[in-house]
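Structure, as structure tokens:
The values are calculated or read from the model by the stated rules, or taken from the named source; none is laboratory data. Model, not experiment: these values are computed from the prediction. Reconstructed Cβ throughout: ideal geometry from the backbone, glycine too, with neighbour counts over all protein chains shown.
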Amino acid sequence: MWFYLAIANSFFSAISVVLTKKLLRHVSATLLTWTVLVLATPIVFLYVLKEGFPAVNGLFYASIIGSVLFYTSGKLIQYRAIRQASLSEVYPLVALGPIVTLVIAALPPLKEQPQILAVAGVLITLSGCYLLNFQSWRQGLLEPFRQLIVNTSARLMLVAILLDSVVTVFDKIAITHTLPVNAVFVLMVENLLTIVLLIPVLQIRESAIMRTLRINWKPLLILGFLEAVTAILGFSAIGGGDVALVLTLFRMKILFVLLFSYLFLGDKPKKQTVVGSLIMAVGVVVIKLYS
């Protein structure tokens, strides 16, 4: 079940990314993050109310705090990168995340060890990511790595990806320390803490909050609903499968982002972007077959 939950998360998350790209023209990254969480959390709370509240321990709270700090920082950095560049230029880089998560999840306390062929699926996906950033043989095989150094937006996106990879591990630890296991409860607590954490930041940085919200309330409401749906799907998937494999499946949203970005934003992807995305899709199929 976790496989299909992760794919569904990718689809709805891609819609959120495209809508976020449009909203960032009028709403700051901080206000957007805070507002979306405020709108999504009541839906998450209703879901938790239905499932019931679990018992937790000290490691749960430590993991929650780590996740909130890394999530907030990563989300703000990611929004900045998306605002500065086209989606087809920077968003495919999120495929790099699973390799970081794969290494971290293999260490204590998770000690996850996916089957070798499932790991091969992760590596196939990453090879597709490399191709996404490969321009031509004339520039050399190391050109994609050079672009990560010289391209400011790509660097910001890479930092956000690394932070997000660590967040997933924190989430998994928190989920495993709820009894009975309740992934969405973890999501609710993290959302509430993030909302509180961002309030003083908003007070310092924002001067026309109500006016901005009033003008953009319709797309913000849609984005809040999508955030709730994708988060519930995502946390449920993380609770059921190895985090590195789940995170790799989340990267299927790259294909959906490229498609939606082309259809609704006129952001036409390059040929190697399409080929690289298809290679990543093959990697996802391998993960499904051997996990």
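Return the pair list, or none, for Cβ contacts closer than 8 Å from residues in segment 202-217 that are assigned to a loop (DSSP other than H, G, I, E, B) to residues that are of a type in the set (A, V, I, L, M) and surrounded by 14 or more Cβ atoms within 10 Å (Cβ to Cβ), at least 6 apart or on different chains.
Listed pairs, sorted by first residue: Glu206/Leu31; Asn216/Leu23; Asn216/Val27.
How many residues are of a type outside the set (Phe, Trp, Tyr), in a helix (DSSP H, G or I) and more than 20 Å from Ser86 (Cβ to Cβ) when one looks only at segment 233-277?
Looking only at segment 233-277, we keep the residues that are of a type outside the set (Phe, Trp, Tyr), and these are 233-234, 236-249, 251-255, 257-259, 261, 263, 265-277.
Applying the additional criterion that residues be in a helix (DSSP H, G or I) yields 233-234, 236-240, 243-249, 253-255, 257-259, 261, 263, 265, 271-277.
Those still in the list that are more than 20 Å from Ser86 (Cβ to Cβ) too: 233-234, 236-240, 243-249.
Counting residues in segment 233-277 that are of a type outside the set (Phe, Trp, Tyr), in a helix (DSSP H, G or I) and more than 20 Å from Ser86 (Cβ to Cβ) gives 14.
Taking only segment 182-206 into account, find how many residues are β-branched (Val, Ile, Thr) and surrounded by 15 or more Cβ atoms within 10 Å (Cβ to Cβ).
Taking segment 182-206 and keeping what is β-branched (Val, Ile, Thr), we get 184, 186, 189, 194-196, 199, 201, 204.
When the remaining residues are screened for being surrounded by 15 or more Cβ atoms within 10 Å (Cβ to Cβ), the result is 184, 186, 189, 194-195, 201.
Number satisfying all stated conditions: 6.
Could you give every pair whose Cβ atoms fall below 9 Å, whose first residue belongs to segment 1-27 and is free of Cβ contacts under 8 Å to residues at least 24 places away in the same chain, and whose second residue is among the polar types (S, T, N, Q) and surrounded by fewer than 18 Cβ atoms within 10 Å (Cβ to Cβ), counting only separations of at least 6 or pairs across chains?
none
Considering only residues that are surrounded by fewer than 14 Cβ atoms within 10 Å (Cβ to Cβ) and either in contact (Cβ under 8 Å) with a residue 60 or more places away in the chain or touching a Gly at 6+ places or on another chain (Cβ under 9 Å) (or both), which ones fall in segment 218-231?
Filtering segment 218-231 for residues surrounded by fewer than 14 Cβ atoms within 10 Å (Cβ to Cβ) gives 218, 221.
Listed by number, the list holds a single entry, Leu221.
Which of (1) modelled with pLDDT of 90 or more; (2) surrounded by 15 or more Cβ atoms within 10 Å (Cβ to Cβ) is the odd one out, the single condition Leu179 does not satisfy?
(2)
Could you tell me which of the residues Ser153, Ser127 is of a type in the set (S, T, N, Q), in a helix (DSSP H, G or I), modelled with pLDDT of 80 or more and more than 16 Å from the chain's Cα centre (by Cα)?
On the way: Ser127 fails: modelled with pLDDT of 80 or more.
One residue alone meets the criteria, Ser153.
Here's a check for you: in segment 156-196, which residue that is polar (S, T, N, Q) and assigned to a helix (DSSP H, G or I) is nearest to Val229 (Cα to Cα)?
The first filter runs over segment 156-196 and keeps only residues polar (S, T, N, Q), leaving 165, 168, 176, 178, 182, 191, 194.
From the residues that got through so far, the ones that are assigned to a helix (DSSP H, G or I) too are 165, 168, 176, 191, 194.
On the way: Ser165: 20, Thr168: 17, Thr176: 21, Asn191: 14, Thr194: 18 Å.
Out of the qualifying residues, it is Asn191.
Among Val94, Val36, Val44, which is assigned to a helix (DSSP H, G or I), modelled with pLDDT under 85, under 23 Å from Ile232 (Cβ atoms) and not aromatic (Phe, Trp, Tyr)?
Values: Val36 fails: modelled with pLDDT under 85; Val44 fails: modelled with pLDDT under 85.
Matching residue, one of Val94, Val36, Val44: Val94.
Can you name the residue in segment 39-49 that is β-branched (Val, Ile, Thr) and within 18 Å of the chain's Cα centre (by Cα) and is also surrounded by the most Cβ atoms within 10 Å (Cβ to Cβ) among such residues? Explain how you work it out, then say what you get.
Initially, segment 39-49 is screened for residues β-branched (Val, Ile, Thr), giving 41, 43-44, 48.
Checking the rest, the ones that are also within 18 Å of the chain's Cα centre (by Cα) come to 41, 44.
Details: Thr41: 22, Val44: 24.
This residue is Val44.
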